[in-house]
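Asks: Could you have a look at this structure, given as structure tokens, before my questions?
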Amino acid sequence: MRVPVGVKVGVFALAVMGSYSYFANSIPQIESKPPQELSLEGGQVTTAQLVKAGEEIFKTKGTCEVCHRIGQKGTRAPDLAGVGSRATARAAERATKGKPLRPGMTAKQYLLESLLDPGAYAVEGYPPIMPAVDKPPIGLNRSEVWALVAFLQSLGGTVDVTLNDIPATVGAGGAGGGGAAAEVKLPGDPKAGEAIFAGKGGCIACHKAGKVGAAQVGPDLSQIAKIQTPDYIMKKILDPAGMGTVAGYPKGVMPPTFGQTLTAREYTDLVSFLLTLK
Ligand code: HEC
Ligand code: HEC
């Protein structure tokens with residue numbers, strides 16, 4: 001009996017993902033601490049400084065602006081203008097009809113949840129594609145998450161978040177966690193993957209990726225590895241609809257057939273190429 005190729009690719013993808021997390025866990029944590037990491041723990045910091053630091057992270061290391069704008073309709077994600085005041089209503093909603101219910105949830109807890117567990121409550125009209133910000137590829141530490149919540153509260157709300165509101169586990173054991181894993185490479189060949197992207201895969205018909213391609217039917221993938229996890233990217237190629245539709249783009253346009261048309265080798269090379277896009 002022949003195993004359908006789609007199934008083969010699926011199993012292979014799982015095996016690759018397994019070894020991926022194995023590699024990620026075996027990287028010494030020390031490498032994962034980028035020098036520019038912000039630490040505010042134990043230090044004196046005013047609310048204004050905290051908000052300023054959060055704004056900086058929003059624009060740089062957090063890569064939030066790839067998806068979000070403030071005071072401007074972006075395509076992929078909600079406009080964050082006024083999110084500091086909106087958070088109060090969202091928290092009330094989470095507390096009364098959320099699934100799971102979070103009774104007594106406060107505005108700052110809602111904002112924290114939206115950063116650490118974005119899928120727990122997806123804003124209506126948007127797919128749950130936001131990555132947890134304390135995990136790779138964004139990988140912010142506890143201080144950075146704290147500053148970010150303060151910045152979000154400052155957008156129309158009152159800044160009352162303290163370091164104690166941020167669980168000590170945020171940022172994977174305090175060692176940054178993220179960075180190193182984001183550097184982990186799949187056992188594929190990015191150059192060969194680029195050729196698949198432009199050739200057999202036909203991705204170029206709809207996507208731009210760095211210097212390759214110009215099409216705008218689908219999202220620009222030039223920074224995809226900066227904002228999305230390898231897991232999301234791998235699954236999206238095999239099951240586009242299953243991962244939700246990126247806001248602002250048509251549903252059902254990305255072909256669901258790559259698991260059948262690509263060989264496992266081609267698929268791994270392609271994913272390796274996409275992981276270089278940051
Ligand atoms: C890959 C795109 C993407 C990135 C990167 C991203 N977000 Fe999001 N974000 C979304 C989407 C889509 C939603 C709406 C669905 C949901 O709630 O999960 C969202 C929701 C939110 C919400 C809830 C908004 C509301 O109205 O309740 C907040 C707050 C937020 N993001 C903050 C951030 C911050 C801060 C960063 C950077 C550290 C960030 N996001 C990075 C896509 C992204
Ligand atoms: C016929 C057009 C089309 C082709 C061909 C196509 N895609 Fe897409 N793709 C889309 C559209 C439209 C979206 C956004 C809607 C959605 O999420 O389904 C998308 C979304 C994506 C995303 C998610 C982007 C994000 O920002 O979250 C990835 C990753 C992706 N495509 C990769 C690929 C790869 C790799 C190939 C080639 C193997 C490919 N696509 C081929 C149309 C296409």
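Asks: So for the pair Lys235, Ala168, with labels modelled 7 Å out along Cα→Cβ, what separation do we get in nm?
Replies: Taking the simple label geometry, Lys235 and Ala168 are separated by 3.2 nm.
Asks: Using a 1.4 Å probe on the protein chains only, how many percent of the accessible area of the stretch 229-270 belongs to carbon and sulfur?
Replies: On the way: 1240 of 1990 Å².
Carbon and sulfur together cover 62 percent of it.
Asks: Further, regarding this structure: Label the stretch 30-182 by shape, choosing from rounded, prolate and oblate, from the square roots a ≥ b ≥ c of the eigenvalues of the Cα gyration tensor; if a/c is under 1.5 it is rounded, and otherwise prolate applies when a/b is larger than b/c, oblate when it is not. Spell out each step's value before the answer.
Replies: Values: a/c = 1.43, a/b = 1.33, b/c = 1.08.
Verdict is rounded for the stretch 30-182.
Asks: Moving to a separate point now. List the lysines whose Cα lies under 21 Å from the Cα of Lys61, skipping any in the same chain that are fewer than 8 positions away.
Replies: Qualifying lysines at Cα under 21 Å: Lys33, Lys52, Lys135, Lys185, Lys226, Lys278.
Asks: Given charges of +1 on the Cβ of Lys and Arg and -1 on the Cβ of Asp and Glu, with all other atoms neutral, how large is the dipole of the stretch 232-278 about its Cα centre, in debye to the nearest 20?
Replies: That gives a dipole near 140 debye.
Asks: So if we plug the beta-carbon distance of Lys59 and Thr261 into 1/(1 + (r/R0)^6) with R0 = 30 Å, what FRET efficiency do we get, rounded to 0.05? Numbers along the way, then the final one.
Replies: On the way: r = 40 Å, r/R0 = 1.32.
Efficiency computed from Cβ-Cβ geometry: 0.15.
Asks: Let me make sure I get this right: for the stretch 181-278, a, b and c are the square roots of the gyration tensor eigenvalues over alpha carbons, sorted descending. Under 1.5 in a/c it's rounded, otherwise prolate if a/b > b/c, else oblate. Which is it?
Replies: Details: a/c = 1.28, a/b = 1.22, b/c = 1.05.
The shape class here is rounded.
Asks: Please give the net charge around Thr88, taking every other residue with its beta carbon less than 13 angstrom from that of Thr88, where Lys and Arg add +1 and Asp and Glu add -1.
Replies: Values: positive: Arg86, Arg90, Arg94, Lys108; negative: Glu93, Asp160.
Its environment carries a net charge of +2.
Asks: Taking only C-alpha pairs under 8 Å that are 6+ residues apart, what is the relative contact order of the stretch 30-182 in percent? Provide the component values of the computation, followed by the final result.
Replies: Working: 247 pairs, mean separation 47.7, N = 153.
Worked out over the stretch 30-182, it gives 31 percent.
Asks: Continuing with the same structure: For the stretch 30-182, give the magnitude of the charge dipole about the Cα centre (Cβ charges: +1 Lys/Arg, -1 Asp/Glu; no others), in debye to the nearest 20. Show your work: numbers first, answer last.
Replies: Details: 16 positive and 15 negative charges, 85 e Å.
About 400 debye.
Asks: With a 1.4 Å probe and every protein chain kept in, tell me what percent of the accessible surface of the stretch 30-182 is carbon plus sulfur. Don't skip to the answer; put the middle values down first.
Replies: Values: 4100 of 7430 Å².
Heavy-atom surface of the stretch 30-182 belonging to carbon and sulfur, 1.4 Å probe: 55 percent.
Asks: Modelling each spin label as a point 7 Å along the Cα-to-Cβ direction, I'd like the Lys97/Gln49 distance in nm, to one decimal.
Replies: 4.4
Asks: Using +1 at the Cβ of each Lys and Arg and -1 at the Cβ of each Asp and Glu in the stretch 97-153, identify which of Phe151, Pro131, Gly119 lies farthest towards the dipole's positive end.
Replies: Result: Gly119, furthest along the dipole toward the positive end.
Asks: Here is a further query. At 1.4 Å probe size, what's the solvent-accessible area of Lys226? Round to the nearest 10 Å².
Replies: Accessible surface of Lys226 is approximately 80 Å².
Asks: Would you mind getting the accessible area per residue of the stretch 30-182, heavy atoms of the protein chains only, 1.4 Å probe, in Å²?
Replies: Numbers: 7430 Å² over 153 residues.
Each residue of the stretch 30-182 exposes 49 Å² on average to a 1.4 Å probe.
Asks: At a probe size of 1.4 Å, how large is the accessible area of Ile224, to the nearest 10 Å²?
Replies: Counting only protein heavy atoms, Ile224 exposes about 20 Å² to solvent.
Asks: Something else now. Mind giving me the FRET efficiency for Ala89 and Asp220? R0 is 45 Å, r the Cβ-Cβ distance, nearest 0.05 is fine.
Replies: Values: r = 33 Å, r/R0 = 0.73.
That gives a FRET efficiency of 0.85.
The values are calculated or read from the model by the stated rules, or taken from the named source; none is laboratory data. Treat the numbers as computed from the prediction; the structure is a model and nothing was measured. Quick reminder, even Gly has a Cβ in these numbers, built from the backbone with ideal geometry, and neighbours come from all protein chains shown. The area values use the complete protein model at the heavy-atom level, side chains included, leaving out ligands, DNA and RNA. Shrake-Rupley method; radii C 1.70, N 1.55, O 1.52, S 1.80 Å.
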